[in-house]
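First up is the structure itself, then whatever we jot down about it.
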Amino acid sequence: MSDIKICPTCGSKSKFKEKDGVKTYTAVQDDEAFKKIGQMKKAMQKFKDKAEALEKELNELKASL
């Protein structure tokens, strides 16, 4: 995931990269942010679904003992 910092020049949230001692700030566009948020929501939903399935399976195993 990108390193997000406040740009010292304009004060906006920016992606921060440092390569060979050169610091670069790139403004985060709304489209980029929404895309990342969408990806994170999908990943969290998959995790939630897997956790619920495992919990259901655990309860079934406990009941069978």
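The values are calculated or read from the model by the stated rules, or taken from the named source; none is laboratory data. Just so it is clear, the model here is predicted, and its values are computed rather than measured. Positions of Cβ are backbone-derived with ideal geometry, glycine not excepted, and every protein chain shown enters the neighbour counts.
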Taking residue 45 and the conditions (1) of a type in the set (S, T, N, Q); (2) at pLDDT below 90; (3) not in a loop (DSSP other than H, G, I, E, B), which numbered condition does it fall short on, given that it satisfies the others?
-> (2)
Of the residues that make up segment 16-26, is at least one at pLDDT below 90, exposed (fewer than 10 other Cβ atoms within 10 Å of the Cβ) and part of a helix (DSSP H, G or I)?
-> no
